[in-house]
Structure formats: structure tokens, C-alpha cells
Amino acid sequence: MGQELKRRAGISRRRFLIAGTAGTASLALGLRCLQPGDTEALAGSSVAPAPPPYGDWRDVYQERWRWDKVVRSSHFVNCWYQAHCAWNVYVKDGMVWREEQVADYPQTNASVPDPNPRGCQKGACFSERMYDPGRVRHPLKRVGPRGSGRWKRISWEQATDEVADAMLDTIEQDGCDRVIWELGPLYTEGTMTAGHQRLSVLMDSTNLDMNTEIGDGHRGAAETFGKISFESSADDYFYSDLILIWGSNPLYTQIPNAHYLTEARYKGARLVCIAPDYSASSIHADFFVPVKPGTDAALGLSVAQVLVEEELIDRDFLAEQTDLPMLVRDDTRRLLRTADLEGSGSDEELYFWDRERGAVAAPRRSLRLDGLEPELEGRFEVTLKDGSRVGVSTVFSLLRERLAGFRPEDASKICGTPPALIRKLALQLGQAKSAAMVTTSNMAKYYHGNLMERVQALVFALTGNYGKKGSGFVGFPWLDHDSIEPFVRDMFSLSDMMNTTALKVIGGMVVDTARMKLEGYSEEMIVHEHSRGVISEGRMTSGAMFWYVHGGLLEGSEKLEQWDPYLKRPVREVLDESLEKEWQYVWPKPGNDPKMMLVMGSNPLRRIRNYPRILEHLWPKLHTVVTLDFRMTSTALQSDYVLPAAGWYERSEHKWATPLMPYIHSGEKATSYYEAKSDWEIISRLAMAVDERAKARGMESFVDRRGDERPLHNLYDKYSQGGRFGPTDDEEVCADLLDKATNLGGLKWPELKKKGFARFEGIGKSPGSIGNATSIRPGETITPLTNHVFDKVPYPTLSRRMQFYLDQELYLEMGEELPMHKDPPMAGGDYPLMLTGGHARWSIHASWRDDKLMLQQQRGEPVVIIGLEDAVDRRIRDGAQVRVFNDLDEFQIMAKVTPGVRKGQLIVYHAWENFQFKNGKGFQNLIPSPLNPVELAGGQYHLRPMVIALQPSHTDRDTRVEVEPL
Amino acid sequence: MRAHYVPPAQFETFLDPEAAVWKEAGREELKLEGTPLGMQLTAHIRAAWAGRKIGSVARASVAAVHDGQVLAFRLEWSAANGGREPADNHEFTDGAAVVLPSSAGAPIITMGAPGMAVNAWYWRADDERARHVVAEGLGSSRTVDVELVRGRGTWKDGRWCVVIARALRVDTQEPIAQLEPGAETGFGVAVWDGNHGERAGIKAFSGPLWHELQLDAVPETTR
Amino acid sequence: MEKPDRQLAMVMDLNKCIGCQTCTIACKRLWTRDEGMEYMWWNSVNTQPGRGTPRDWEEMGGGFRDGTAVPGKLPTRKDFGEAWEFNHEEVFFGGKGDKVHLKVKGEEPDWGPNWDEDQGAGEYPNAYYFYLPRICNHCTHPACLEACPRKAIVKREEDGIVLIDEDRCRGYRFCMEACPYKKIYFNHAEKVSQKCIFCFPRIEQGVANACARQCPGRVRFLGYRDDEEGPIWKLVDKWKAALPLHPEYGTDPNVFYVPPLAPPRFDENGDVDESKPRIPDEYLVSLFGPKVLDVLALMKSEMAKTRAGEKSELMDLLIAYRWKDMFGGFDRDPATIEWVKS
């Protein structure tokens, strides 16, 4: 590339070999360096003359820094906590030459730094990545066995016809729910999602919800708050005086946001990093708090113990916002319900003990106490409806008993954190005016991650650190425009809508919104019910459940009795119970094998822990596997068709965001690449092909998963709304999605694509975003949950409060009704080392894992990071190849030895591709991802599964291994 | 030394050190010496080379011929290896040059002086082109062209044979040496041993004084 | 050598550097893509303590001692780290299944420009490290310039940027030997020495260097040393909060660093021990000279002020509420330039 561009620039260093004979004099000529004052004048001008040639070697560099045009774009990958950044894409001779940040974001207000420039090293080299040898240039069809790497180039027409036929075969022979869409981190919620959602709804295919499976389920947040999505804006840290980095490594994973942390520290905030290793994020902290991996709950409970003992708690906050004053029956350990006391009582109404009136059913439509004064502590007696008396205690009293076992000296034995440091941490938290937490989806990747998160949520609740600026435990960051659902609904005519099939298909529409309003459901709760309908009706199904049931992954839980001392019965038994009682769902139903998989912007064979089971159990059942991606992946290598998707600078698109950087980002197509097409176009052409092939085959209709007859003959007409959105109308789709959004302030596509970014004006109504429960106001940073804390809107939980006590059967069975510490299971066998991980500095998922420049800045191949002490004990030297093994398998990798990692821990950072390991045996092979039975819970109001949350998950951090030199 | 007259030939012919023309030329052994440390141009070079041997090639065999149009020098010296392309940063390439005064009185020891240029014909093992260089004092050398001087080196059996040639007269304003048959000129040679880290002023050369070169007159019969 | 009229300089705040290498990649994509430049990283960031880029560069000599030139070594390509190429085609399209895996072509890698990333020194839980970004220091007393026998290196009068004239350069590499910071590379294709050009084509259009402007950590301040309104004078001369790296090398660099703080270490009982720092003072003194202790004390006292709710000009400067204020006037958006063909 470099040479090519240089040649085309028509310039070479040698040209000046003779010309530049004047020696040093020429360099001193032309004082072209501007004085600072001059630049303002320049900044206003849009046209600069071509600089006069120097007539010497300098023109090579001058020529380099020239371009034909600049296009705004971004990287439509799931950068998650650090999403997204506006980039200028510099185009020269029709090719993208380089990119540089737009860096034109405003300050939210004068008291917080502006976000500029944002960006990271990965974004800064996508212009290199997009031309690298991993790109897919043409539609490919496998000609050797799967995984052989033998391909033939086929035409787009052949590709879409054959894939369409495979879909129709499946529908005809097995059922529409056997067609599986596997969606991954490239999912945009823009045109790509618009196309996919339309086609999958029309064909009633099964879409995998991979959020909990990837380990981003934040179950502890969901258990406590009834939702997972709530997060601050990164500039909100400027109002904190204490920031706990706990369960994250933002110096790796929040590169564009990290300056807010280092700068907040200069502003006066204490930065504390709680982590097992002396991570990159520890180096800029005021305190490093070492903790053994998997024991954060013990540490947190100890912090809570000190807070309670030292009376550093906010009793008013707890009485109003949490379930800590709620009453629990001594006999059943269940929360006391009105159904216990009254004949017409409900199983959902709970009690607290009012100072004056005794047991009072807690208000459910608002958090306002209206003069009630709940006792936080105490043991009382109530009369049940059968006249018997039963003792009840407040949750807080039970908690205080629980905490008694976690004095710093006790907890230190579990978590390894020095007692004095635990006390110091607790005092700092107790005395902070506004304490914030910086986290990622790390805890959720532990088997007992829910317990850790519940404890984290608890210590922030005890100190009243929610709602106020610069405060709060945070969940999962998500902020999006809410127009995908309206865009999908637009396919259906009024008469379709009268026919309830269409409504059922959309899923959530089966829910009776009016009834819910009458019952006092908040807007958020109603959105959640729609989201639950999407899961129960099968438009989306839990990815984790899918792989456990259909992918053979449950095999990894077979030895769980040996690994998890707390287990009461085989997981398979709990799974069966859960499905039978409809606590959880899976599509296709057990016994109905999946037949076809379309993998879009996803990479399940890299992503899924213990993926060899998938290849062994699921892959043979699939007659067709199709991957749509811009690059070759571990999954593409095992596919039957690989369809070249456009890279991010090769299409017009926009993408969801997070409150951390509450801006929608867009991109305008800057160039094209061989035969690559946007996902919208690929899916549109696929829809066309389905329509045509169905006609050719005489298939007029098909039977959907509910047994209803659905038309096929007008499929493309519906998909495209009568041709309004054609295959190359990406920009029209972008425009329509923006027009439909309720939370972008009337933003228009031409305006967005010109600017590249725009701030959200509200959280909107999408299930992923509404949980933020706050307002987005100009000039203000974002603090989540203010709707609850200040407007007293109930939390979407059973208790309508932050809920720390869970009495669903499985929680009682597993002894997890209160936040608790449990020792991590020995997943993979009784080996001395924990194979942990974390998102990497060097890639967003696997998208840059095999990128040349990124690898040049690492070690050129995967590494396992091992502490000095463990390395010395095993005679492993830095840079040596080692064998890592457990009961499941083994793999080979280079060791990187560091004093920053504690004894007993190994780290393999995220997302190395299988093809980067010898014999294709990657580190995921050793991760059994046992299913924690408590995650199969459901039934109770807020524990029922919904999109992205409250489904079982896959976990990896508890994996036990041994390592030896090769 | 004499530059033997040979019958007119293609320029290319001279560049082959095994060519017949060279059989007739008398070879002269020139003793080479290292350039003095004190004359190295920068303090850094002097510090880096203090106590180190400069000029590792002790002698070179030199011959010259001309055909009335082209003057060619043939230099031969022993060299441990014939590595042309230095593969690494600390590796340097072998080189050789012939230096001629552009004007009378130009000092060779300082590579000329302001207003008194010397003219070097410079060959380096990693460059297919030879350079035509003028200098008016140490560190002032500049390439005036890469077309007029041609050079070719062959490394065989532990010896470099390098031919460097140029037309006797060249139409240019540059202060180069203009030569003619029958005339006498001074000359010097320099050899750089890349293996020894020699480059720039770190080299072996034929001494602080010009050697004499007598160009044969073109025989009457051929005029 | 004449002193330049004005001197451009950079301050890098090591307490904001997150080691992300965006600067490194920004520079790579802009300037060092051509053949012969693949292994060049004019901007590098290394974990300290560590061997650095090139490997063990601090032991390679060069520069001046008491004003006298110190001989230096030439770093090899391996010392810098080879620009690895990979076998993507073979893995993806070669028909060999998992018999082949993605790897570096040729020799197994054993060193690279960021090989010892995040390793550092010490013993758990008292391990320590920080990131040290480096470019050419555009020294006031440039050893490279003074070492070159061809006078092929110049220090521009107008802004003090040090440039290698690639027309005059004959690839003798005395500059590489003499540069004590080992920030000069040899281009084996072009046979010239090359190094950071301080983005002169950008600077000349009023645009900050790519490494500075693209830094998401907001680490780098830019400007004229003598501009009393700009950040450099304020940080270096007024507040004396930034120091050159290895001042004992005698070249008088124009890149300055705000030295790194670190969280407190633990004593044998695991209790916080504030009696000595996590990063040993001697180590920081070895990098930044004895003044580093004063700067660390200054940083701590200014941070204590803001923690107590007081104002601190130094902290406000380092926070850089408005990003553009970091660039001493060189804040033009490059995308506003629309080149008119010449």
C-alpha cells in the first residue's frame, strides 16, 4: 500500500537526489511556520493553496499530507464502554489513505473537560486493516470439508440464491424456527439491524440474544435493579470525590474516556483501583486494592460491615429506595406478602414495619413514603391470615447478621486484601460526598458474578451514592435511538395489524399495555414487558440457553458437582425444571435441531467458551452455515458460504451508543472494496432471492412457530415497503430510522452524516436504553437512576425498590437470598491457577486481533500472562512457549512473565482467534463455562428473562488450569 | 602512473575488470593509509574512532587506461567478503573512489578548498550507479550527477575488482576535472572497508599528496 | 551552531498516559508506511522500567558528557524490532485447515518495539510501571546534527525543529550513533537515516502534530517554549512541573515530562506504607535527574489543594478543560484544509 500510494503520488525521494544540492541553506528558507496568532485566521478558511514545493526531499512528506476529500465516519463495532468516536476519513485516489479524529465535540459545560479528541490506536489504523489480507473480496463457497480453507469464488446471484434455497428448505422440511441468526458485536442498530430484523420477522427465524452468553448479563444488577442498563456519562466523574475502578481496566477498555479519570484525579477525586493484578488502570490510582480473583463479594461485604458498624450509612435513602426495611418471614425465609396476611392479598405486595402503624404494605406506584416511617431494623411478629403468628425480620437486620461474618480480619482471609486497607476503603466510601464506580462487564464473567455485583450495588446503596452527580454503582451502558421497532412495524399494513399474527410476530405486542398502566406500571416496566414477550414468543432466544441445549455445552457442567461445593443437585435437573415451569425459554424447543445458521458480524466459534463442543455437537446438525463479515474469522473458516460485507468506511451507517459518550455516530460511504456490500444490501438481496426462489418453487406460504400460516409470496414487497427501501438505499434507511427516533431531537440524516455525531436528547423507549431512568439535558452530565432517586418512580423489581433480598425458589435453595460470598468453583478441575481474562487494549473483540500493526506492538502471537512467583516455581521464563491444561484439553502459548500478576492467577486477554493457535486449539478450549443453576430462575416479577438480561450466562473467569514449560 | 592508451572501445568494455584492455595496462601498487583522526569532521566521529584503526585496507592495485574518449581506473584490493547490501543498521558497504583535482592547486588532503574543487568518482557496492562528486573542503562533497561516472565491482576470491570510468571531457559548469590525452594530472584513491565500519571520512586513502597520472597521447596513426 | 529564533517544544504528562499507542499508530499511518520504513516507529511508547525501544537504548551511549561527545552504538534492526509480516493468505485461503496457524513469517519473534509492555519491575503487590512515550527530542544541542560529517542535519531557525536533509544524507549513520535517545532509524531501501520530523507539514499549516492531536489520553502539550500564554512555558518554566528525559545526556531536549506518581506500596503486613514510594526515587532520578523529586512534591501538594476544594492553576492546566488549549495555538482542524492543486 505505502509504495503504491507513493508511486501514485508521483514522487520519490530519489527525485531530489540531485536537485537538493544547495545543502543546508534551502532548509532555512521559507519561514512557513505560523505564529500562533495566525492560526485563527486559517481555521476559518476552508481552502488552502497547495503549499509551494520545497523542491527537495521535504516534498515527499508534504505530498504525503495531501488528500482529495474528507468523509466523516466511525467504526461500527461494539467498542462498548468506549463507543464511539467520530473520525475524518481521508481519501486519496479513491482509496482511504488514513483517518484522524474529528475532535470537535463540545464541552458539556464549562466545569468538565471536553471529550476531544477521543479515538484509539485501533481506530487510527482501520485504514490499514481494511486493505489487509484478511478481507473477504468476493462471495466464497466452500469446496473442501468445513474448516479446510478451500474456497471457490461465486457470484452474488449464486450466493443469495443458494442461501435463500437453504432457508426455504429448512422452513419446508423442519420449521422456520430452525433458521438461526447469530448476531455479534458488529450489530449496529442502524441499517444492518433494520434489514436483519425485517427479514427475520417476516420469516419467523430465531435470533440469538448473545448478551448474557458473552458474559455481559450483569445478573447482579438485574437482580437488584430489575434491569441492567444504567450508566453515567464519562464526564460525570468530574463531580465525584471518590472513584472506584472495580471490575474493570479502563486504561485498556475505555481508551477515549480514560482522560476523565486521570483528570478527575487532578480535580481532586481519589481514584481507587480494586483488582487482582497491578493492572494498567492501577498505575494512575491513588490506591491499589489487591483482591484475589473471584472474591470481590467478600471484600465488598467487609466494606459493608465496616460501613454499618461505623454507622456510615444513609438510613433515609435505604428506607425509601431499597428493600432493606422489607419484612422476611422467619419460617419460610420468604418476603412477607399481602397474600400471607389477607385473603385477597397479592403475591407481589410486600411489607415494611412502620414506626407507628406496624406492618404496612409498601407503596408500589411510587417510592414516596408519604409520611410512612419504615423501621430499617428489627424483629417483629405478624398474624397470618390463618391466625397463626410468625416472626419477621427486616432485610437489613438479616443483612447485619450476615455481615457479622465479614469483619475485615475475616474477609481478608478470603479475599487477601489487608484488613487495614479494607477499613480505609470503607471509610473513604463512607465519607465521600459522591462516590462513583467505573466498571465493565467483568464480574458477570464469574460464575458467582451476580453475588459480586449485588454486593457492589449494596455498598453504594448503604452510602446513598445513587442519583446525585458523580455517584453510583453502574450496570451495563446502553443508549440508543428507539426506531428499530417502529421500522419493523412499518412493514405491516393496517390489515396485517388486524390479523394478530403480525402482532405476535413482533413479540412484545401481545402484552396488554392498558392493563399494565392501570396496575401502576411505569413506562420502563411496560417496555420491559414487551421485551419479555420477544423472548417468550421466540423472536429472540437466549444464546446461552441455545448453546447449552443445542450446542452440547451442558457437557461442561457435568462435573460441576465436583467443582462447586454449594451445588445441591445436577444442573440438568434444574434446567429441565426451569424450561418446564417456563422460568426460561429456548428456541427451537429441545429436540428440534437447528438446521441453518446465518452468522452476521459475529464470530461464535471464537467467542463461545468450550467451542469445540459446538463444532462437535451443533455443526453436524447444520446443513448450511453462512457468515457475513468484512474479514475472515474463526467462524468464517468453518462456514459453507462467506459473504463479503462492507467495511466501516464502505457504507453509510449509524450505531447505538452508551451514556458514557451520549452521542449517536454516523458514517458516510467513502469508498468501495471489490465485491463487498453493506449488510443492508446483502440482506435485501437475500430477501429478494427468498421471494423469487419461493415463487419458483411454488411455495406460497409457510407455517410459523405458532402454527399460523404466513405468506411468502409478497415477502420482498413487505420487506422493502413496496420498493421504498431498495437494496442500495442505505441512506434512506438511515434517514427513516432517525426520523422515527423519539430521543434525537428531530435530527435529520443529512445533518448527521455531515457532522458525524449528535448528542442524544433523551434515553428513548428501547428496552436496552430505558433503564438509564434519567433525563439527558443540554449542559448537564448524565447520572443514571435519577427518575427513581429524585422522581420516586419505582424500580422495575418485585419490591419496586432496589432489591437485595431474593426469595425465588432457586435463591433459597442455593442460599443466595442475601448478597453473599461464595468461593469460585474449580471449573475445569482441581488445578492451582485461575485462568482469568479481560478485554484487551489491542482489539475490539477479535476485530483487530490478527491485525499486523497491532500484533507488531504486541508479541506477534497470543500470550498468557503469568506472575513472577508462579513462573519461577515452574521454571517458566519470559517469552517461552508453555502448555496450559486442565481436565478439558490443553493449548500452547507464549508466556509473558510479570511481577504485576499475583500468585495463582493467569491472564489471557480477550478474543484471540482460534487460528492464531497451534492446531487451532485456542484458550477457550479449556473453559467449561458451567451453568450456575441460580441463573435458571424465573417466574417472579423481575427475574423473568427479557432481552439482554436475566437469562443464564456463560462464564470463564473461574477456569482452573496448570501450566508447564514446553 | 600511466594511463595507457587503448583503441577506441564501447564504454561498457572498460567496466569489465577481466576485459582485454586491462591486460595491457600496467598495474601499480599503491600503499594506502588511514585518514588522520584529527581530520575527522565531527567531535562525535573523533570520539568514536579514537584508538581505533582507520583505513583497514593497506594497499590497492591501480591501473588506468583511456581510449581518447573515456578514462577508466581499475582498483583491486583484498576484502574479506563482498557483501553489497548491508542488511542491518550496523553494517556498512565497501566503497572506492578516485579523486582528481578540478583545478590546479586543489589540495587532496582536505578534499579541496573553497574555490579549489576536487572531483571524485565514487563507487559503492550497494549502489548500481556511481556518483560524480565535487568537493571544496571536508564535508562539502555533493553529487553533481549519477550518470556520467560509471562503475562496476566484482568480488571474487577475496578480492574486489572495481572499475570506475568517465568521459575525459564533460560539458558542464560544475567544477570537475576536465582531462585530455597526453596531459598529466594528479590523482588519489580511497577505499572504504564496510566490515570495519568505514564510511564518509573514515577510509583508507592514497596519502596527503597527489599521485601523478600521465595520460598517453593518442597515437598519430589513429587520429 | 546558531540558536534558533524560537523553539517548539512538547510536554508529555505521564500521569495521563495510558499506554494506548494511539500516538504510535497515528505517526505510523501518517509517515512511516513506505518500503524501508516498516520497522520505524518515530513515536514509541514503552513501559518503564523496561528495556525500551530500541532494546537497551539507555546503554548505547551517544550524547555529551561535560560537553564532550560520547561514542555510541548503532542499534540493530532486531534491537528496534523487526516489522513482522504474517501468513494470513495461507491460513485463510491456503486449503491447509488447522495444520497452519497465523504466525510471524520467518524467525520466531523474540523482541518488538513494545515487547515488555506492562511488565515493569518490583514484586507483587508492589510491582510498578508507567508509560514513557518518546519522539525525537528536537534537542537544543542535537548530538545527531553535530555528529554528521555532511552537515545533512539542520535545526530550523524559525522553530528549532531538527530535520535530516534526506538529499544530503548518505546513510553514514553517525547521527544514529550519536543520538543518545536512539530515535533515528536507517532506511535500508532509501539508504538514508530518518526520524521524527515533528510533523512539519502540519505545523506549517497550524495543525498540531499527529501524535499530540490524536492522543486520546490528552497527554501532550505543544507550543513555543517562549510563549508565555502557551502551555509549554507555563508548565516548564513557570511551574517547573516538566523535565527532560536523561538531562545528563547533554543534548538539552525540547520534550519535557511531567513525572509519574504511583499508588502507595504495602509493607510486609500488607498495610499501606507511605514511608517510601512505590516507584523508587532513585529510578525516577535516573531518568529525569534530581529535580524530579521537587516536581513530585509539587504535584502532590497541588493535588492536595484540589482535594481540599482549592483552585490550582497547575491542575487546571494539566486537566485541559478545553482540549485545544493544549496546542499553543497550533489548533487548526486539518480537515478544514482543502488543498488547491498546484
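The values are calculated or read from the model by the stated rules, or taken from the named source; none is laboratory data. Because the structure is a prediction, the values reported are computed rather than measured. Counting neighbours? That spans all protein chains shown, and the Cβs are built from the backbone with ideal geometry, glycine included.
Here the condition is being within 30 Å of A:THR781 (Cα to Cα) and surrounded by fewer than 23 Cβ atoms within 10 Å (Cβ to Cβ); of A:GLU653, A:GLU668, it holds for A:GLU668 alone. The requirement of being touching a Phe, Trp or Tyr at 6+ places or on another chain (Cβ under 7 Å), surrounded by 24 or more Cβ atoms within 10 Å (Cβ to Cβ) and touching a residue at least 24 places away in the same chain (Cβ under 8 Å) is satisfied by A:THR658. No other residue among A:MET540, A:MET525 is surrounded by 20 or more Cβ atoms within 10 Å (Cβ to Cβ), in contact with an Asp or Glu (Cβ under 6 Å, 6 or more places away or on another chain) and either closer than 16 Å to A:THR955 by Cβ or among the aliphatic types (A, V, I, L, M) (or both) apart from A:MET540. For the structure I just gave you, tell me whether B:TRP49 is within 23 Å of C:ALA69 (Cβ to Cβ) and surrounded by 19 or more Cβ atoms within 10 Å (Cβ to Cβ). Criteria met by B:TRP49.
Specify the residue that is surrounded by the fewest Cβ atoms within 10 Å (Cβ to Cβ); the eligible residues are those in the stretch B:90-107 that are in contact with a Phe, Trp or Tyr (Cβ under 7 Å, 6 or more places away or on another chain) and not aliphatic (A, V, I, L, M). Filtering first and then ranking leaves B:PRO101.
The criterion of at least 2 residues that are touching a strand residue (DSSP E or B) at 6+ places or on another chain (Cβ under 9 Å) and among the aromatic types (Phe, Trp, Tyr) is met, among helices (runs of 4 or more DSSP H) falling completely within the stretch C:197-301, by C:281-288.
Go through the stretch A:809-832 and report how many residues are over 25 Å from A:ALA411 (Cα atoms) and buried (at least 21 other Cβ atoms within 10 Å of the Cβ). The qualifying residues number 2. The residues on offer are C:LEU74, C:LEU30, and the sole one that is assigned to a loop (DSSP other than H, G, I, E, B), out of contact with any Gly (no Cβ under 6 Å at 6 or more places or on another chain), buried (at least 19 other Cβ atoms within 10 Å of the Cβ) and not β-branched (Val, Ile, Thr) is C:LEU74. Restrict the check to the stretch A:219-242 and report whether at least one residue is more than 20 Å from the chain's Cα centre (by Cα) and assigned to a strand (DSSP E or B). Yes, because at least one residue in the stretch A:219-242 is more than 20 Å from the chain's Cα centre (by Cα) and assigned to a strand (DSSP E or B). Among all positions in the stretch C:57-72, there is no residue which is without any contact (Cβ under 8 Å) to a residue 24 or more places away in the chain and facing chain A (nearest Cβ under 7 Å). In the set A:LYS765, A:LYS753, only one residue is touching an Asp or Glu at 6+ places or on another chain (Cβ under 7 Å) and assigned to a helix (DSSP H, G or I); that residue is A:LYS753.
All conditions in (1) surrounded by fewer than 16 Cβ atoms within 10 Å (Cβ to Cβ); (2) within 14 Å of chain A (Cβ to nearest Cβ) hold for C:PRO260, with the sole exception of (1). Output yes when any residue across the stretch A:8-15 is touching a strand residue (DSSP E or B) at 6+ places or on another chain (Cβ under 9 Å), modelled with pLDDT under 50, under 30 Å from B:ARG142 (Cβ atoms) and surrounded by 14 or more Cβ atoms within 10 Å (Cβ to Cβ), and no when none is. Yes, the stretch A:8-15 contains at least one residue that is touching a strand residue (DSSP E or B) at 6+ places or on another chain (Cβ under 9 Å), modelled with pLDDT under 50, under 30 Å from B:ARG142 (Cβ atoms) and surrounded by 14 or more Cβ atoms within 10 Å (Cβ to Cβ). Would you check if there is a residue in the stretch A:652-664 being small (Gly, Ala, Ser) and touching a strand residue (DSSP E or B) at 6+ places or on another chain (Cβ under 7 Å)? Looking for residues that are small (Gly, Ala, Ser) and touching a strand residue (DSSP E or B) at 6+ places or on another chain (Cβ under 7 Å), one finds at least one in the stretch A:652-664, hence yes. Any residue at all in the stretch A:859-874 that is farther than 26 Å from C:TRP41 by Cβ and part of a strand (DSSP E or B)? Yes, some residue in the stretch A:859-874 is farther than 26 Å from C:TRP41 by Cβ and part of a strand (DSSP E or B). The set of residues from the stretch A:113-159 being facing another protein chain (nearest Cβ under 9 Å), in a helix (DSSP H, G or I) and within 18 Å of C:GLU89 (Cα to Cα) comprises just one member, A:GLU128. If I filter the stretch A:912-921 for residues that are more than 9 Å from chain C (Cβ to nearest Cβ), surrounded by 21 or more Cβ atoms within 10 Å (Cβ to Cβ) and farther than 30 Å from A:ARG98 by Cβ, do I get at least one hit? Scanning the stretch A:912-921, I find no residue that is more than 9 Å from chain C (Cβ to nearest Cβ), surrounded by 21 or more Cβ atoms within 10 Å (Cβ to Cβ) and farther than 30 Å from A:ARG98 by Cβ, so the answer is no. A:ALA164: closer than 30 Å to A:PHE725 by Cα and assigned to a helix (DSSP H, G or I), yes or no? Yes. Note on the stretch C:265-295: residues that are under 23 Å from A:LYS424 (Cβ atoms), surrounded by fewer than 20 Cβ atoms within 10 Å (Cβ to Cβ) and within 14 Å of chain A (Cβ to nearest Cβ) total 10.
If a residue must be charged (D, E, K, R) and within 24 Å of A:TYR466 (Cα to Cα), how many such residues does the stretch A:739-783 contain?
5
Summed over the stretch A:89-123, residues that are surrounded by 23 or more Cβ atoms within 10 Å (Cβ to Cβ), on the phi > 0 side of the Ramachandran plot and not hydrophobic (A, V, I, L, M, F, W, C) total 2. Candidates are the residues of the stretch C:57-82 that are of a type in the set (Gly, Ala, Ser) and touching a Phe, Trp or Tyr at 6+ places or on another chain (Cβ under 8 Å); the one that is farthest from B:HIS44 (Cα to Cα) is C:GLY81.
Among the residues of the stretch B:106-133, those that are among the aliphatic types (A, V, I, L, M) and farther than 19 Å from B:TRP192 by Cβ comprise B:ALA106, B:ALA113, B:MET116, B:ALA117. Filtering the stretch C:152-161 for residues that are more than 30 Å from C:ASP271 (Cβ to Cβ) and at pLDDT below 95 leaves an empty set. For first residues located in the stretch C:206-220 and in contact (Cβ under 8 Å) with a residue 12 or more places away in the chain, partners that are surrounded by fewer than 24 Cβ atoms within 10 Å (Cβ to Cβ) and lie 6+ apart or on another chain with Cβ distances below 6 Å form the pairs C:GLY206/A:LEU34; C:GLY206/A:THR39; C:GLY206/A:LEU42; C:VAL207/C:PRO334; C:ARG218/C:ALA320.
Yes or no, residue by residue, for (1) among the aliphatic types (A, V, I, L, M); (2) within 11 Å of another protein chain (Cβ to nearest Cβ):
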{"position": "A:LEU855", "(1), (2)": "yes, yes"}
{"position": "A:PRO862", "(1), (2)": "no, yes"}
{"position": "A:ARG875", "(1), (2)": "no, no"}
{"position": "A:VAL901", "(1), (2)": "yes, yes"}
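When A:LEU888, A:LEU855, A:LEU868, A:LEU835 are checked against the criterion of being over 30 Å from A:ALA404 (Cβ atoms) and free of Cβ contacts under 8 Å to residues at least 24 places away in the same chain, A:LEU855 stands alone in meeting it.
So that you can scan it fast, the table gives a plain yes or no per residue for (1) within 7 Å of chain A (Cβ to nearest Cβ); (2) assigned to a loop (DSSP other than H, G, I, E, B); (3) under 21 Å from C:TYR181 (Cβ atoms); (4) at pLDDT 95 or above:
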residue: C:LEU102; (1), (2), (3), (4): yes, yes, no, yes
residue: C:TRP115; (1), (2), (3), (4): yes, yes, yes, yes
residue: C:TYR124; (1), (2), (3), (4): yes, yes, no, yes
residue: C:ASN137; (1), (2), (3), (4): no, yes, yes, yes
residue: C:CYS144; (1), (2), (3), (4): no, no, yes, yes
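Given the criteria within 7 Å of chain A (Cβ to nearest Cβ) and farther than 28 Å from C:CYS215 by Cα, does C:PHE92 qualify? Considered against the rule, which asks whether it is within 7 Å of chain A (Cβ to nearest Cβ) and farther than 28 Å from C:CYS215 by Cα, C:PHE92 comes out as yes.
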